[in-house]
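A quick write-up on the structure given underneath.
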Amino acid sequence: MTKPFTIYTERDFDGLRTVGKMVAETLDFITPYVVAGVSTYDIDRLVAEHTKKIGAVSACLGYNGYPKSCCVSRNDIICHGIPSKKEVLADGDIVNVDCTHIFNGYFGDCSRMFVIGEAAPRARELVKVAYDSMMAAIGVCRDGASFGEIGRVISALAGRHGFSIVEDFCGHGIGRVFHEAPNVLHYENPLSDKMIMRRGMVFTIEPMINEGAIEPVIAADGWTARTKDGGLSAQWEHTIGITDSGAEIFTKL
């Protein structure tokens, strides 16, 4: 049986705006530190310190046993990269930092890509297409739209550039819990056309776009998902809410 979608109120939206701004502020804070020579462990430490400073709580830390305050996914890591002192950023890398904060009972989930130094043109193109795909998908979200429109617009944009879309991971409902219905597919799927957006729904859009093969390989740690062929992967993420006029992005300043 399909789980019912939570419909949030305007008061809830106020809470989601607050936590969304907090997680965006945290990503702004770490931006100057995401440079060559810095370890992913250092990035996580900075995220943890800033999250505590602003009065929020990391939703990642301890979630199903996850050991860190954020995910840092570099180059061929699709998602859920566990920060490590051994993982040091280098010139030419692309890296995703994914944070989720809890504040006053509400969750805000957001990730950004960072390009380290002089990355290859194709790597930069991948990062841009991943961002453009996310924003194009947000642009079709509105009361009465089908979730299938999200997959169609992302598929069209990624396909024009010769990139592929990961199908093993998806966006998700969020609000007063970390993960809830609906599952938001970023590729074309007939099942998505049967799901309709309604005012008050809150969910993430977070397409994972690969340079090559779409299949992930999960590491022995049970979290880190890498591309099967070693190709690059890029992802951006926002938390949005459906309004009368379209979609409101909560996770931006």
Selected residue (criterion: nearest to residue 135 (Cα to Cα)) from residues of the range 153-164 that are touching a residue at least 24 places away in the same chain (Cβ under 8 Å) and open to solvent by 20 Å² or more (accessible area, probe 1.4 Å) = 157
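Please find, among 85, 52, 68, the residue that is modelled with pLDDT of 95 or more, surrounded by fewer than 16 Cβ atoms within 10 Å (Cβ to Cβ), of a type outside the set (A, V, I, L, M) and assigned to a loop (DSSP other than H, G, I, E, B).
Numbers: 52 fails: assigned to a loop (DSSP other than H, G, I, E, B); 68 fails: surrounded by fewer than 16 Cβ atoms within 10 Å (Cβ to Cβ).
Among 85, 52, 68, only 85 is modelled with pLDDT of 95 or more, surrounded by fewer than 16 Cβ atoms within 10 Å (Cβ to Cβ), of a type outside the set (A, V, I, L, M) and assigned to a loop (DSSP other than H, G, I, E, B).
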Inside the range 223-244, can you point out the residues that are within 17 Å of residue 72 (Cα to Cα) and among the acidic types (Asp, Glu)?
-> 237
Any chance the range 174-184 includes a residue that's of a type in the set (A, V, I, L, M, F, W, C), farther than 24 Å from residue 60 by Cα and either outside any helix (DSSP H, G or I) or touching a strand residue (DSSP E or B) at 6+ places or on another chain (Cβ under 7 Å) (or both)?
-> no
May I ask you to list the residues in the range 188-224 that are within 30 Å of residue 17 (Cα to Cα) and small (Gly, Ala, Ser)?
-> 192, 200
Of all residues in the range 237-253, which are in contact with a helix residue (DSSP H, G or I) (Cβ under 9 Å, 6 or more places away or on another chain), assigned to a strand (DSSP E or B) and either among the acidic types (Asp, Glu) or closer than 11 Å to residue 13 by Cα (or both)?
-> 237, 240, 241, 243, 248, 249
Residue 188 passes all but one of the listed conditions (1) within 17 Å of the chain's Cα centre (by Cα); (2) open to solvent by 40 Å² or more (accessible area, probe 1.4 Å); (3) under 20 Å from residue 216 (Cα atoms); (4) among the acidic types (Asp, Glu); the exception is number (1)
What are the residues in the range 108-124 that are part of a strand (DSSP E or B) and open to solvent by 30 Å² or more (accessible area, probe 1.4 Å), if any?
-> 112, 115
Please give the number of the condition residue 204 fails out of (1) without any contact (Cβ under 8 Å) to a residue 12 or more places away in the chain; (2) under 18 Å from the mean Cα position of the chain (by Cα).
-> (1)
What number of residues within the range 191-231 satisfy the criterion of being open to solvent by 40 Å² or more (accessible area, probe 1.4 Å) and in contact with a Leu (Cβ under 7 Å, 6 or more places away or on another chain)?
-> 1
Of the residues in the range 214-236, those that are over 19 Å from residue 158 (Cα atoms) and of a type outside the set (D, E, K, R) come to 217, 218, 219, 220, 222, 223, 224, 225
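Could you check the range 173-185 and list, in sequence order, the residues that are in contact with a His (Cβ under 9 Å, 6 or more places away or on another chain) and open to solvent by less than 40 Å² (accessible area, probe 1.4 Å)?
Listed by number, the residues that qualify are 173, 178, 181, 182, 184.
The values are calculated or read from the model by the stated rules, or taken from the named source; none is laboratory data. Owing to the predicted nature of the structure, the values given are computational and were not obtained by experimental measurement. Counting neighbours? That spans all protein chains shown, and the Cβs are built from the backbone with ideal geometry, glycine included. Side chains are part of the model used for accessible areas, which takes the heavy atoms of the whole protein and leaves out ligands, DNA and RNA. Shrake-Rupley method; radii C 1.70, N 1.55, O 1.52, S 1.80 Å.
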